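A.B. asks: Mind looking over this structure? Questions follow.
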Amino acid sequence: MAAANQGSRSRILVRSVQTLGWLLGGGMIALLVGLIWLTTTQAGSRWAITQATTAVAGLTIQSVQGSFASGLELGQIQYHDATGLAVTVQAASLQWDWRQLLNGQLEVNQLGLHTGQITLPKAPPTRTPAASPPLNLAQ
């Protein structure tokens, strides 16, 4: 009976390891497919840009064409923050070599901005130091 019990435990362990292997392998495949979708399709790029505009307060991007892999065209980009900084760009284009990321580098082949405006925050008023009393060296 002890041998049968030992064999049963061994089979359960083998099945558990196999199941874990299939789950990890399936998860890796799903992650790879998602990454390919995100970087090579227009729908994936639009989704990523939508996530960025949701995460960054004050950022709006009206249109997205292309993909991260083939090149992006963005239209009507606006950003503003509480300090008064405002950036408006009518159109922007980006082409980069994503394979360089594997080498730990970001290589931008083309970055184009068309008709933009930047409004800087107003500088805080400068304070003039209080006049100090004259220095009397006679004493």
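A.B. asks: Along the stretch 80-93, what does the Karplus equation 6.51 cos²θ - 1.76 cosθ + 1.60 (θ = phi - 60°) give for ³J(HN,Hα), rounded to whole Hz, x for Gly and Pro?
C.D. replies: 8, 10, 5, 7, x, 5, 9, 10, 10, 10, 5, 8, 9, 10
A.B. asks: If you wrap a convex hull around the Cα atoms of the stretch 60-139, how much volume per residue is inside, in Å³?
C.D. replies: 204
A.B. asks: To test your reading of the geometry: what angle, between 0 and 90 degrees and rounded to tens, separates the Cα axis of helix 42-55 from the longest principal axis of the chain?
C.D. replies: Result, in degrees: 50.
A.B. asks: Let me ask something else about it. Got a number for carbon plus sulfur as a percent of the stretch 34-113's accessible area, 1.4 Å probe?
C.D. replies: Carbon and sulfur together cover 59 percent of it.
A.B. asks: Shifting gears a bit: After finding the eigenvalues of the alpha carbon gyration tensor for the stretch 5-50, what semi-axes result from the square roots of 5 times each, listed largest first in whole Å?
C.D. replies: Semi-axes, largest first: 40, 7, 4 Å.
A.B. asks: Assign unit charges at the C-beta atoms only (+1 for Lys and Arg, -1 for Asp and Glu), then state the dipole size of the chain relative to its Cα centre in Debye, rounded to the nearest 20.
C.D. replies: Roughly 580 debye, rounded to the nearest 20.
A.B. asks: Shifting gears a bit: Report the equivalent ellipsoid semi-axes for the chain in whole Å, largest first, defined as the square roots of five times the eigenvalues of the gyration tensor built from alpha carbon atoms.
C.D. replies: So the three semi-axes of the chain are 56, 30, 15 Å.
A.B. asks: What number comes out for the charge environment of GLN105, summing +1 per Lys or Arg and -1 per Asp or Glu over other residues with Cβ under 10 Å away?
C.D. replies: Around GLN105, the charge tally is -1.
A.B. asks: Related question: Determine the calculated [θ] at 222 nm for the chain from helices alone, applying -39500 (n - 2.57) to every DSSP H run no shorter than 4 residues and normalising by the residue count; nearest 500 deg cm²/dmol.
C.D. replies: So the helix-based figure for the chain works out to -13500 deg cm²/dmol.
A.B. asks: So how exposed is SER93, as accessible area in Å² (1.4 Å probe, rounded to 10)?
C.D. replies: So the heavy atoms of SER93 present about 20 Å² to solvent.
A.B. asks: Where in the chain lies the longest segment free of trypsin sites (Lys or Arg not before Pro) that are both loop residues by DSSP (not H, G, I, E, B) and have at most 12 other Cβ atoms within 10 Å?
C.D. replies: The longest uninterrupted stretch comes out as 1-121.
A.B. asks: So if we plug the beta-carbon distance of ILE118 and SER63 into 1/(1 + (r/R0)^6) with R0 = 22 Å, what FRET efficiency do we get, rounded to 0.05?
C.D. replies: Once rounded, the FRET efficiency stands at 0.60.
A.B. asks: Simple spin-label model, 7 Å along Cα-to-Cβ: TRP98 to THR126 in nm?
C.D. replies: Calculated label separation equals 5.0 nm.
A.B. asks: Right, here's the next one. Using the heavy atoms of the protein chains and a 1.4 angstrom probe, tell me the accessible area per residue for the chain in square angstrom.
C.D. replies: With the other protein chains kept in place, the chain gives 81 Å² per residue.
A.B. asks: Once fully extended, how much extra length lies between VAL87 and THR50, figured as 0.36 nm per residue of separation less the alpha-carbon to alpha-carbon distance?
C.D. replies: Result for the pair: 11.5 nm of gain on full extension.
The values are calculated or read from the model by the stated rules, or taken from the named source; none is laboratory data. The structure displayed is predicted, hence computed values, not measured ones. All Cβ positions, even for glycine, are placed from backbone atoms using ideal geometry, and neighbour counts span all protein chains on display. What goes into the accessible areas is simple: the full protein's heavy atoms, side chains included, and nothing from ligands, DNA or RNA. Shrake-Rupley method; radii C 1.70, N 1.55, O 1.52, S 1.80 Å.
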